[in-house]
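*Asks:* Please find one structure pasted underneath; my questions will follow.
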Amino acid sequence: TIGSTNVTSPPGHQQPSLPQKTEQKALNKQLEEIRAENAHLQKQAAIQECEQEKIVKANCSLSENLAQALSTNARLLRSQQVQNDEDNKRDQEIHASAQEVQELWAERTMRDR
């Protein structure tokens with residue numbers, strides 16, 4: 001009729017029924033739970049990432065310490081080898097001198113007979 005007002009919803013839009021409202025509330029609750037779980041998982045992931053960074057830094061530090069220890073060990077081994085070589089040379093010289101003394105003593109003993 002002329003002058004009457006239409007109080008219905010716009011075309012294509014309907015007011016949700018009671019079962020639809022109940023379902024929507026349940027879906028909203030599920031969405032909240034999923035978001036909370038997602039936030040929790042993101043927090044755990046951040047903590048794990050932080051822990052991994054600590055482990056990587058510790059591994060780097062251990063690797064540096066190991067490299068220094070190996071370098072020191074190599075230097076000490078070289079030094080020990082030089083010392084061993086010097087000791088061996090000195091022992092050979094002493095042995096040669098002792099042998100020379102024995103030979104000289106043997107010659108003297110033979111002459112004195």
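*Asks:* Residue 45: without any contact (Cβ under 8 Å) to a residue 60 or more places away in the chain, surrounded by 10 or more Cβ atoms within 10 Å (Cβ to Cβ) and more than 32 Å from the chain's Cα centre (by Cα), yes or no?
*Replies:* Judged against the criteria, residue 45 is not a match.
*Asks:* A further question on this structure: List the residue pairs whose Cβ atoms are under 7 Å apart, where the first residue sits in the range 71-95 and is touching a residue at least 40 places away in the same chain (Cβ under 8 Å), the second is surrounded by 10 or more Cβ atoms within 10 Å (Cβ to Cβ), and the two are 6 or more positions apart or on different chains.
*Replies:* Listed pairs, sorted by first residue: none to list.
Taken together, the values in this text are just the output of simple stated rules run on the coordinates, not laboratory data. Everything quoted here is computed from the prediction, not taken from an experiment. Virtual Cβ from ideal backbone geometry, glycine too; neighbours counted across all protein chains shown.
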